[in-house]
Amino acid sequence: MTERGMLPAKFIAAENAQRLGSVHIMTNESKTHFMNSETTVELLEKLFVPAYKIQRAKHHLAHDVLGILLCDAFSGNFSHAAGEHLRREQAMREMNAPSPPYNGASDDESVETDGSDGLPELEWGDVELSDGDEVAE
């Protein structure tokens with residue numbers, strides 16, 4: 001039996017399987033915050049990794065072509081108290097996208113980087129747009 005307003009688990013599983021890499025429905029038992037380190041990792045593993053594979057195939061890109069995932073300083077993107085960083089790093093390897101910088105700060109400290117993350121600088125001149133993509137000026 002589902003709670004009022006909840007989707008049945010069977011429906012969620014079927015939809016997630018059918019729409020892999022496009023949509024991911026998830027639930028969270030937290031009474032305070034829906035997005036946290038666990039839901040962030042779940043999105044990486046269940047939505048972004050398959051989506052990267054689909055997009056690489058669509059655009060005929062080999063895995064060795066560097067991907068990028070932009071994220072803000074939300075603590076769920078950097079949390080490591082329960083080993084989330086290991087799962088996050090694995091997902092980022094599967095996408096061949098650099099992991100967000102992590103400097104060993106605790107979950108209660110802000111994460112800052114000195115800019116020496118070893119990632120290549122990307123200039124707009126390096127980006128090729130196709131399929132009608134546009135950049136707003």
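The values are calculated or read from the model by the stated rules, or taken from the named source; none is laboratory data. Note that the structure is predicted; figures quoted are calculated from it, not measured. Cβ coordinates were reconstructed from backbone atoms using ideal geometry, including for glycine residues, and neighbour counts include every protein chain displayed.
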Selection from segment 24-45 of residues that are at pLDDT 90 or above and either out of contact with any helix residue (DSSP H, G or I) (no Cβ under 7 Å at 6 or more places or on another chain) or aromatic (Phe, Trp, Tyr) (or both): 42, 43
Any hit, segment 83-91, residues being under 12 Å from the mean Cα position of the chain (by Cα), of a type in the set (A, V, I, L, M, F, W, C), modelled with pLDDT of 90 or more and not in a loop (DSSP other than H, G, I, E, B): yes
Residues of segment 46-95 that turn out to be under 28 Å from residue 30 (Cβ atoms), among the hydrophobic types (A, V, I, L, M, F, W, C), without any contact (Cβ under 8 Å) to a residue 40 or more places away in the chain and out of contact with any Phe, Trp or Tyr (no Cβ under 8 Å at 6 or more places or on another chain), as a count: 7
Whichever residue in segment 1-51 is among the hydroxyl-bearing types (Ser, Thr, Tyr) and surrounded by fewer than 17 Cβ atoms within 10 Å (Cβ to Cβ) and, among such residues, is farthest from residue 81 (Cα to Cα): 2
Selection count where residues are surrounded by 13 or more Cβ atoms within 10 Å (Cβ to Cβ) and β-branched (Val, Ile, Thr), scope segment 55-68: 0
